[in-house]
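Structure first, commentary second.
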Amino acid sequence: MKKGKPLEKIKAFIVNLRTGLRRPFLRPTEPKPEASKKKPKTSFESPQFITYNLIGNKTAWVLPLFKDLDVKLRKSGLKFNFKAYVSLTIFATALICAATLAFVPCLLFLVFDLPLLPAVLFGVGGGLFAFAFSTIGFYLYPIYRADTLKRRLEDELPFTTGYMAILASAGVSPEKMFYSLSNLSVPLAVTPEAKDVIRDVNLFGSDIISALEETSKRTPSERFRETIEGFITTIHSGGNLAAYLREKSKEYMRLKRINLKKYSDTLSMLSEVYATLLLTGPLFLVIMLVVMSMLGGGDFGILSPDLMLELLTYVGIPLGAIAFLIILDTVSPKW
């Protein structure tokens, strides 16, 4: 019996070793799964949550200035609370202004050899400009997102209504129509709206009519709202849903052809504006400033020709190109 005990220990050791080799290796410093579950989750991925906890209670006096922003946020599709977004706007604007006030004078004084007082004045002016630009940017971003969502919805309406007409012709119920739209392999602009409808039905217990009414109130597109309201009316009246959707698809396809013709005319005009303002104009100014610098021309106040040339090259032309790209993205269709 005593001789058998060492053999049994060796066999048990081999079995334990094989079992351990089959398990995934864990680093020594890696916490146990039970301990990791007990740790509180951090929210560093959501800056609006952090800024709301920091200054959310102190922004009540600012909220009336952004009274129209709440509606724009809902229509833009951004999953932001109104007060949290205002808190993020104030906090980010303060950081941008402080960084501009510190960076611009140092840059002008150390790199461009500008006197200290003009550099500080430029820093103050840059801080005011950063304050205005940041505030206007945060205010206009939901409007831009809502307009982008509107154009995407209206560009894809011929295909969306055509797809829904096929499902209605096959006898698919309205709930399953929107469930199918929410699970497309290639998502459309209507996919998030369909997911919201399915969420309201399955999670909040709403019926399909109430969920569609909430979607029609929230959407930024008038055409999509008209389609949803006609969809609801057809269900209430017991009409032919497939015929209604087919007619809407044909109507929106005709409007899409007209919009594409208008876009081609707008694109030709924008190309001429781009060639004039961002190609010919800067080239003319660069040649003029270089000649003035070579001939030792006088300064424009505190701006020398060399400084104006650097500002034009590194600030004016990039900002103009960015503005032109935003305008081009605003007017261009997605399909």
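The values are calculated or read from the model by the stated rules, or taken from the named source; none is laboratory data. Everything numeric here is computed off the predicted structure, so don't read it as measured data. Note that we place each Cβ from the backbone using ideal geometry, even for glycine, and neighbour counts take in every protein chain shown.
Number of residues in region 97-155 that are of a type in the set (Ser, Thr, Tyr) and under 23 Å from Met308 (Cβ atoms) equals 1.
Listed residues Asp113, Asp147, Asp70; which is outside any helix (DSSP H, G or I) and of a type outside the set (Lys, Arg)? Give the steps one after another, and end with the answer.
Details: Asp147 fails: outside any helix (DSSP H, G or I); Asp70 fails: outside any helix (DSSP H, G or I).
Exactly one residue qualifies, and that residue is Asp113.
Kindly evaluate Gly126 against the criterion of being surrounded by fewer than 16 Cβ atoms within 10 Å (Cβ to Cβ), of a type outside the set (A, V, I, L, M, F, W, C) and farther than 30 Å from Lys256 by Cβ. No: the conditions fail for Gly126. Considering region 215-226, the residues that are in a helix (DSSP H, G or I) and in contact with a Leu (Cβ under 7 Å, 6 or more places away or on another chain) include one that is surrounded by the fewest Cβ atoms within 10 Å (Cβ to Cβ), namely Arg223.
Among the listed residues Leu307, Leu289, Leu255, which satisfies the condition of being surrounded by 13 or more Cβ atoms within 10 Å (Cβ to Cβ), more than 25 Å from the chain's Cα centre (by Cα) and modelled with pLDDT of 85 or more? Step through it out loud before you land on a result.
Values: Leu307 fails: modelled with pLDDT of 85 or more; Leu289 fails: modelled with pLDDT of 85 or more.
Every option except Leu255 fails the conditions.
In this structure, is Lys176 surrounded by fewer than 16 Cβ atoms within 10 Å (Cβ to Cβ), assigned to a helix (DSSP H, G or I) and not assigned by TED's automatic domain parsing to the domain that holds Pro64?
On the way: surrounded by fewer than 16 Cβ atoms within 10 Å (Cβ to Cβ): yes; assigned to a helix (DSSP H, G or I): yes; not assigned by TED's automatic domain parsing to the domain that holds Pro64: yes.
When the stated conditions are applied, Lys176 passes them.
Of the residues Leu181, Leu188, Leu212, only one is hydrophobic (A, V, I, L, M, F, W, C), under 16 Å from Leu149 (Cα atoms) and surrounded by 13 or more Cβ atoms within 10 Å (Cβ to Cβ); which? From the options Leu181, Leu188, Leu212, the qualifying one is Leu188.
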